[in-house]
Amino acid sequence: GPGHTEMYAGLQELGVANGEDLKETLTNCTEPLKAIEQFQTENGVLLPSLQYALPFLDLHGTPRLEFHQSVFDELREKLLERVSAIALEGKVEERYKKLEDLLEKSFSLVKMPSIQPVVMCVMKHLPKVPEKKLKLVMADKDLYKACAVEVKRQIWQDNQALFGDEVSPLLKQYILEKENILFSNDISFLQNFFSPSPKTRRQGEVVQKLTQMIGKNVKLYDMVLQFLRTLFLRTRNVHYCTLRAELLMSLHDLEISEICTVDPCHKFTWCLDACIREKFVDNKRARELQGFLDGVKKGQEQVLGDLSMILCDPFAINTLALSTIRHLQDLVGQDTLPRESPDLLLLLRMLSLGQGAWDMIDSQVFKEPKMEAELITRFLPLLMSFVVDDHTFTVDQKLPSEEKGPIPYPSTIPEAFTKFLQENRIACEIGLYYILHITKQRNKNAFLRLLPALVETFSDLAFSDIFLHLLTGNLTLLSDEFALEEFCTSLFDGFFLTACSRKENVHRHVLRLLLHLHHKVAPAKLESLQKALEPTKQSGEAVKELYNQLSEKLELRKPSPAEVTETPSMELPLPTVPTPASR
């Protein structure tokens, strides 16, 4: 059959007899048995001692094929070991010459399953497989599949489209993994999107596979970076920026100097990586990072495009924003203005560079974005005044109140704050992190005061997945407040529901939150929320799925009619009636 001829493909070219030759011999002979014996002698294993051993094996019923196969396997193992040894011994030119000769001799047998591993092994050890052989491998799907990654790299580096086909599904998988974490049903303020350390993240499957595909090949590394830039431009998806940094640091972990020394972002990324690990930019590292930014020379401004992409990584932004909030609190204690703090100004400079990444790469104009003076002279002092308001309120609460009534918490927000959140990207980012900060402190008053400013923000940042993921996590700390009508109305009607119908992702995050906290929400409120959150015809699968999960949970919570009559007031805890099953 055709499979049979495939199995012995290429033997004739080497002057080795195959099945066809035996067939021919038998067709044209008078004494078939004699002919077979002669064929066996001519083409058998040429060892004098075997002449007597083979008939002995025949007596034991061991087929000749089985014997030849085991000899062959043994020889192949020896050959594979030998090839790997040749690749390491003697002078470089000589060893490659030996391997190239071996490849010339064996390549015609590459389709024989039994010989293929040897041919593949020879190619794997050749730093430059002859172009002709690479073309033959590329043209044959099965051969290409069977190739070692070392050989594939040689094919990929001159075939960007083919390399793209290999990388593309990995990039899709990466983005999906990120989104699954952001929308995960486990909501907690302890464990969130930013919890895993950089080292842990780099062990992820996609980063590891890409690292393996690139090896030490600068050309392939550049291609992957080009893919990431293009996709970031096309989609504005910031997770591509994370992958850009993770890939570089993964090569750094493996000490692949061939690539690290030629990537101009290497030292900057390495320093920033240490900050991300600590979730804080300390003074020493701040100086170092500033040195890199100040050191960008005339004519090399293009590196700013790469640095901005590294700074646009959400893990970098998260670290810079958290550090900014911490600095502002320190400044309140020291009675210092933002413009007098060089560390704070550097954080803002890096936030600007990161937030400006898309525009810079899109416009190809490589210069640092101009910092708006108002951000430093008006917005940050405003945030500091909120910190002061909290201190004052807390102290006031503790003072003995003789004749004065209780001091109410300031409820209005300065108009300037709302305007900054709408018009200035950096102000908005910092403002959102301040709100996350007060939520984490369980500061309900401050949260309710600032929440209305989130309905309209710069490019809808308050409805972005990362912010909502963090906010829902922190809100679990205020879970007891969900029993209060006023709190729920502010949070749901005043914020979430304003965007649910136009933004599918917001709808998902509200449902995630309720799945987690529904037992804390006042029953009447819960009922109206269930109505408001019902999926429409346009809703995607994820929303419908979450809504069904929530409905099932609420169905289980409803008391049975018998129990309701026994409990006059709904406020009392329902008696737990043991079900027959649990007795």
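Below, the figures for the structure above:
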| item | result |
| --- | --- |
| Pairs beyond 26 Å (Cα-Cα), from 279/503; 105/135; 219/267 | 279/503 |
| Reference-scaled alpha-carbon Rg (2.2 N^0.38 Å with N residues) for segment 231-278 | 1.22 |
| Spacing of the two label points (7 Å from each Cα toward its C-beta) at residue 160 and residue 358, in nm | 2.4 |
| Overall dimensions of segment 160-373 as given by Cα atoms, namely Rg and Dmax in Å | 17.5, 60 |
| Residue 483 paired with residue 236, simple spin-label distance in nm, labels 7 Å along Cα-to-beta-carbon | 4.2 |
| Label-point gap, in nm, between residue 553 and residue 442 - each point 7 angstrom along Cα→Cβ | 2.1 |
| Those aspartates and glutamates that a straight Cα-Cα span of less than 17 Å connects to residue 23, excepting residues fewer than 8 apart in one chain | 6, 31, 37, 42 |
| Descending semi-axes in Å of segment 413-551, equivalent ellipsoid built from Cα gyration tensor | 24, 18, 12 |
| Share of Cα-Cα pairs in segment 251-386 lying beyond 17 Å, as whole percent | 61 |
| Accessible-area value, residue 190, 1.4 Å probe, nucleic acids and ligands omitted, Å² | 130 |
| Accessible surface, 1.4 Å probe, highest first, among residues 418, 27, 235 | 27, 235, 418 |
| Cα-based convex hull volume of segment 483-528 per residue, rounded to whole Å³ | 61 |
| Percent of alpha-carbon pairs separated by more than 25 Å within segment 316-440 | 31 |
| Rounded FRET efficiency, nearest 0.05, which uses the C-beta distance separating residue 326 from residue 293 and R0 of 22 Å | 0.55 |
| Local electrostatic count, residue 462, Cβ distance below 12 Å [Lys/Arg +1, Asp/Glu -1] | -3 |
| Solvent-accessible ranking of 133, 520, largest area first, probe 1.4 Å | 520, 133 |
| Cβ-Cβ FRET estimate between residue 31 and residue 144, R0 fixed at 51 Å, reported to 0.05 | 0.60 |
| Accessible area, probe 1.4 Å, largest first, for residues 425, 95, 82 | 82, 425, 95 |
| Peptides 348-354, 460-466, 228-234 ordered by average Cβ neighbours within 10 Å, highest first | 348-354, 460-466, 228-234 |
| Relative contact order computed over segment 413-551 (Cα-Cα under 8 Å; 6+ residues apart), in percent | 21 |
| Heavy atoms of residue 221: accessible area, 1.4 Å probe, square angstrom to 10 | 0 |
| Solvent accessible area, Å² - residue 257, 1.4 Å probe, full protein context | 60 |
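The values are calculated or read from the model by the stated rules, or taken from the named source; none is laboratory data. Just so it is clear, the model here is predicted, and its values are computed rather than measured. For neighbour counting, all protein chains shown are included, and Cβ atoms are generated from backbone atoms with ideal geometry for every residue, glycine included. Please note that ligands, DNA and RNA were not included when accessible areas were found on the heavy atoms of the full protein model with its side chains. Shrake-Rupley method; radii C 1.70, N 1.55, O 1.52, S 1.80 Å.
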